[in-house]
Amino acid sequence: MMTWNIIEQKLKSRIIPKRTRILKCDGTGRRLVVSNDGVKIGMGTGVQTAQTKAITYDMIRNAYETLIEKGRFDSSDFRKKYQSEYKAGPCRYSMVGGVLVELGVARLMSAGSSRSCYYLKI
């Protein structure tokens, strides 16, 4: 099992602005990473605009620890700790999960519709 320190190093080395695209909840679309400063990762979220949203390394750490502990991570897990961030942008949940998929520690699972998903530990 990877430690958080290893995950954090992978975040810094493999999530590259203007190159990495993070898988969306629908399993096909991807969001372009626009920034990664070692604390926050910004991604383009607008379909027809240049709108961006950011997720924090803390959000990713919480999701990773949940994944290791429970074997899965879903939106209720995210909302427990980040309710206001979820309300302001529900896409943050799938941004966090998509990063875990990109790092090879989780697999995206459909929860019945293209807008509903959860993540399983690999």
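The values are calculated or read from the model by the stated rules, or taken from the named source; none is laboratory data. None of the values given here were measured: they were computed from a predicted structure. Cβ sites come from the backbone with ideal geometry, for glycine too, and all protein chains shown count toward neighbours.
Does region 61-69 contain any residue that is among the hydrophobic types (A, V, I, L, M, F, W, C), under 20 Å from M109 (Cβ atoms), more than 13 Å from the chain's Cα centre (by Cα) and assigned to a helix (DSSP H, G or I)?
yes
Pull out all pairs, ordered by first then second residue, where Cβ-Cβ is under 6 Å, the residues are six or more apart or on different chains, the first lies in region 72-89 and is among the small types (G, A, S), and the second is assigned to a helix (DSSP H, G or I).
If the second residue must be assigned to a helix (DSSP H, G or I), the pairs left are S75/Y93.
When D26 is evaluated against the numbered criteria (1) out of contact with any strand residue (DSSP E or B) (no Cβ under 7 Å at 6 or more places or on another chain); (2) farther than 13 Å from S94 by Cα; (3) touching a residue at least 24 places away in the same chain (Cβ under 8 Å), which criterion, by number, is the only one it fails?
(2)
Name the residue, out of R92, R79, R107, that is surrounded by 19 or more Cβ atoms within 10 Å (Cβ to Cβ) and of a type outside the set (D, E). Show your work before the answer.
Values: R79 fails: surrounded by 19 or more Cβ atoms within 10 Å (Cβ to Cβ); R107 fails: surrounded by 19 or more Cβ atoms within 10 Å (Cβ to Cβ).
Of R92, R79, R107, the one residue that is surrounded by 19 or more Cβ atoms within 10 Å (Cβ to Cβ) and of a type outside the set (D, E) is R92.
Can you find a residue that is touching a strand residue (DSSP E or B) at 6+ places or on another chain (Cβ under 9 Å), among the basic types (K, R) and closer than 18 Å to R115 by Cβ anywhere in region 32-43?
The answer is no, given that none of the residues of region 32-43 is touching a strand residue (DSSP E or B) at 6+ places or on another chain (Cβ under 9 Å), among the basic types (K, R) and closer than 18 Å to R115 by Cβ.
Listed here are the residues, each with its yes/no results for (1) of a type outside the set (G, A, S); (2) at pLDDT 95 or above; (3) touching a helix residue (DSSP H, G or I) at 6+ places or on another chain (Cβ under 9 Å).
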| site | (1), (2), (3) |
| --- | --- |
| A63 | no, yes, yes |
| E69 | yes, yes, no |
| R72 | yes, yes, yes |
| D77 | yes, yes, yes |
| G89 | no, no, yes |
| R92 | yes, yes, yes |
| M95 | yes, yes, yes |
| S113 | no, no, no |
| Y118 | yes, yes, yes |
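For region 90-108, which residues satisfy the criterion of being free of Cβ contacts under 8 Å to residues at least 60 places away in the same chain and either under 12 Å from L67 (Cβ atoms) or part of a loop (DSSP other than H, G, I, E, B) (or both)?
Selection gives P90, V96, L100, G104, A106, R107.
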